[in-house]
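The values are calculated or read from the model by the stated rules, or taken from the named source; none is laboratory data. Predicted model, so just to flag it, every value in this text is computed and none were measured. Using ideal geometry, Cβ is built from the backbone for each residue, glycine included, and neighbour counts are taken over all protein chains shown.
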Amino acid sequence: MQAKLTITGRLPGLNEYINACRNDPHSGASMKRVAQERVMWAVKQQIRVKFRRPVWITYVWYEQDRRRDKSNISAFGVKVIEDALVRCGVIHDDGWKYIAGFENRFAVDRARPRVVVTIREDEDAENDD
């Protein structure tokens with residue numbers, strides 16, 4: 001089983017989140033909540049399956065340029081996306097038992113920045129502790 005999700009635009013980076021938390025803890029929490037709600041909206045529109053077995057997730061980050069470093073782009077985004085997938089019931093949990101692994105890929109698309117997330121069941125993984 002497989003599902004694909006496209007999140008239009010770019011998500012905040014880890015540096016933006018850290019700076020928001022430093023300025024005011026409520027600001028950081030608000031940034032995460034807003035980003036997660038945006039992802040949840042996309043999930044509810046695009047994904048109709050529920051995964052019960054461990055999954056492998058591929059993230060393709062399309063940035064409008066190369067200004068942000070790759071770890072800054074993906075670190076906060078992966079957390080927000082996985083939390084949204086759990087809240088929407090697409091995956092049961094984002095712990096080791098339910099996420100076999102993930103990979104990040106990066107590309108530039110000046111006209112259409114976005115994140116494309118592919119979720120597939122990992123047939124080789126066992127979902128026991």
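Could you list all residues from region 89-107 that are part of a loop (DSSP other than H, G, I, E, B) and among the β-branched types (V, I, T)?
Restricting attention to region 89-107, the residues satisfying the condition of being part of a loop (DSSP other than H, G, I, E, B) are 89-90, 92-98.
Within region 89-107, just V90 meets the criteria.
Quick check: is even one residue across region 62-80 more than 14 Å from A3 (Cα to Cα), of a type outside the set (D, E, K, R), touching a residue at least 24 places away in the same chain (Cβ under 8 Å) and assigned to a strand (DSSP E or B)?
For region 62-80, residues more than 14 Å from A3 (Cα to Cα), of a type outside the set (D, E, K, R), touching a residue at least 24 places away in the same chain (Cβ under 8 Å) and assigned to a strand (DSSP E or B): present.
Could you tell me whether region 10-20 includes any residue that is exposed (fewer than 14 other Cβ atoms within 10 Å of the Cβ), of a type outside the set (V, I, T) and either more than 12 Å from the chain's Cα centre (by Cα) or not in a helix (DSSP H, G or I) (or both)?
no
Let me confirm something: among I57, I91, which residue is at pLDDT 95 or above and touching a helix residue (DSSP H, G or I) at 6+ places or on another chain (Cβ under 6 Å)?
Details: I57 fails: touching a helix residue (DSSP H, G or I) at 6+ places or on another chain (Cβ under 6 Å).
Just a single option satisfies the conditions, and that option is I91.
Only one of R110, R120 is part of a strand (DSSP E or B) and among the charged types (D, E, K, R). Can you tell me which?
Testing whether each residue is part of a strand (DSSP E or B) and among the charged types (D, E, K, R) leaves just R120.
Which one of these is of a type in the set (A, V, I, L, M) and part of a helix (DSSP H, G or I): V115, V49, V86?
V86
Pairs, please: C-beta under 6 Å, at least 6 apart or cross-chain, first residue over 21 Å from P113 (Cα atoms) and in region 12-39, second surrounded by fewer than 15 Cβ atoms within 10 Å (Cβ to Cβ) and among the hydroxyl-bearing types (S, T, Y)?
A20/S27
Which one is farthest from F102 (Cα to Cα), of the residues in region 48-64 that are surrounded by fewer than 21 Cβ atoms within 10 Å (Cβ to Cβ) and β-branched (V, I, T)?
Across region 48-64, the extreme among qualifying residues is V49.
Looking at region 49-63, which of its residues are over 12 Å from the mean Cα position of the chain (by Cα) and either within 20 Å of D93 (Cβ to Cβ) or of a type in the set (G, A, S) (or both)?
Here is the first cut: in region 49-63, the ones over 12 Å from the mean Cα position of the chain (by Cα) are 49-56, 62-63.
Matches in region 49-63: V49, K50, F51, R52, R53, P54, V55, W56.
Name every residue in region 65-84 that is closer than 14 Å to V116 by Cα and either surrounded by fewer than 19 Cβ atoms within 10 Å (Cβ to Cβ) or touching a Gly at 6+ places or on another chain (Cβ under 6 Å) (or both), in order of residue number.
I73 - this is the single residue of region 65-84 that is closer than 14 Å to V116 by Cα and either surrounded by fewer than 19 Cβ atoms within 10 Å (Cβ to Cβ) or touching a Gly at 6+ places or on another chain (Cβ under 6 Å) (or both).
What residue, among those in region 94-129 that are polar (S, T, N, Q) and modelled with pLDDT of 95 or more, is farthest from S71 (Cα to Cα)?
Once the filter is applied, the top-ranked residue is T118.
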